[in-house]
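**Student:** Could you have a look at this structure, given as structure tokens, before my questions?
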Amino acid sequence: AFADTEQHWAKESIQFVNKLGILKGIKETEFAPNEAMTRAMFITALGRLSNVNEQDYSASSFGDVPADAYYRSFVEWAKTAGISSGTQMGSFAPNQPISREQIATMIFRFAKYLGYELPVVQAKAAFADEAQISSWAKEAVIALQQAGILQGKGNQMFDPQGKATRAEIAALLQRLVQAIMK
């Protein structure tokens with residue numbers, strides 16, 4: 001149990017992903033639910049969900065991913081699997097907070113990697129800030145929203161460049177796992 005999630009809205013989701021070993025705490029008794037999720041943390045969670053054998057990925061294609069980083073093999077797996085090719089500058093930016101549109105794109109590619117066809121369980125939302133969603137992320141955002149995996153932030157906003165918290169990612173990963181299990 002994490003002391004900082006006892007009264008948190010995402011407690012159930014945090015327990016779910018932690019029990020599966022997908023997303024762990026930052027310390028033994030601390031999850032940091034309101035802390036921003038980094039690109040390295042997110043790709044590690046997807047790698048764990050996919051049961052990546054870390055020994056299969058010993059190289060590092062990105063200069064900003066140290067050989068001894070806990071996430072190195074997961075970043076390399078994501079590159080090899082076509083889930084993430086890094087940033088525009090040829091780096092991975094592992095410690096940068098991940099944006100909501102990056103999350104959508106990586107999960108969309110992850111579903112394809114698994115051979116999982118995202119279902120359409122709800123109508124397309126009319127996000128008030130849809131014009132701010134990058135062209136490379138629009139298909140993924142729409143598909144994940146219609147699958148019920150990704151949600152807006154209220155006031156009909158998606159907030160594509162907004163940062164997601166660890167709690168929000170826990171909830172999203174729980175919805176993803178439950179959708180795949182159906």
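**Student:** Yes or no: Gln55 assigned to a loop (DSSP other than H, G, I, E, B) and more than 26 Å from Gln174 (Cβ to Cβ)?
**Tutor:** no
**Student:** Also, I was wondering about something else. Is it the case, given these coordinates, that Tyr71 is touching a residue at least 60 places away in the same chain (Cβ under 8 Å), of a type outside the set (A, V, I, L, M, F, W, C) and out of contact with any Leu (no Cβ under 8 Å at 6 or more places or on another chain)?
**Tutor:** Answer is no for this residue.
**Student:** Another question, then. Any idea how many residues of segment 125-149 are more than 18 Å from Leu176 (Cα to Cα) and open to solvent by 20 Å² or more (accessible area, probe 1.4 Å)?
**Tutor:** 11
**Student:** A further question on this structure: Being closer than 25 Å to Asp4 by Cα and out of contact with any Gly (no Cβ under 6 Å at 6 or more places or on another chain) narrows it down to one of Gln156, Gln174, so name that one.
**Tutor:** None of the other options fit; the residue is Gln174.
**Student:** Right, next: With the condition kept exactly as written, say whether any residue in segment 43-52 is closer than 21 Å to Lys19 by Cβ, among the basic types (Lys, Arg) and in a helix (DSSP H, G or I). Steps first, answer last, please.
**Tutor:** Within segment 43-52, the first condition is being closer than 21 Å to Lys19 by Cβ, and the residues that meet it are 43-52.
Adding the requirement that they be among the basic types (Lys, Arg) leaves 48.
Now drop any that are not in a helix (DSSP H, G or I), which leaves 48.
Yes: one or more hits.
**Student:** Could you go through segment 49-72 and let me know if any residue there is more than 20 Å from Ser91 (Cα to Cα) and of a type in the set (Lys, Arg).
**Tutor:** We begin by selecting, within segment 49-72, every residue more than 20 Å from Ser91 (Cα to Cα); these are 49-56.
Filter once more, so that each one left must be of a type in the set (Lys, Arg): none.
Within segment 49-72 (the criterion being more than 20 Å from Ser91 (Cα to Cα) and of a type in the set (Lys, Arg)), the answer is no, since none of the residues qualifies.
**Student:** A further question on this structure: Checking the structure you have, find out if any residue of segment 12-25 is open to solvent by less than 20 Å² (accessible area, probe 1.4 Å), over 17 Å from the mean Cα position of the chain (by Cα), closer than 17 Å to Leu173 by Cβ and among the polar types (S, T, N, Q).
**Tutor:** No, there is no match, as no residue in segment 12-25 is open to solvent by less than 20 Å² (accessible area, probe 1.4 Å), over 17 Å from the mean Cα position of the chain (by Cα), closer than 17 Å to Leu173 by Cβ and among the polar types (S, T, N, Q).
One line per residue, one yes/no per condition, for (1) farther than 22 Å from Lys138 by Cα; (2) open to solvent by 50 Å² or more (accessible area, probe 1.4 Å); (3) of a type in the set (Gly, Ala, Ser):
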| position | (1), (2), (3) |
| --- | --- |
| Glu30 | yes, yes, no |
| Met41 | yes, no, no |
| Thr44 | yes, no, no |
| Pro97 | no, no, no |
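The values are calculated or read from the model by the stated rules, or taken from the named source; none is laboratory data. Just so we're clear, the structure is a prediction, and the values are computed from it rather than from any experiment. Cβ sites come from the backbone with ideal geometry, for glycine too, and all protein chains shown count toward neighbours. Each accessible area value is taken on the protein alone, full model and side chains, heavy atoms only, with ligands, DNA and RNA left out. Shrake-Rupley method; radii C 1.70, N 1.55, O 1.52, S 1.80 Å.
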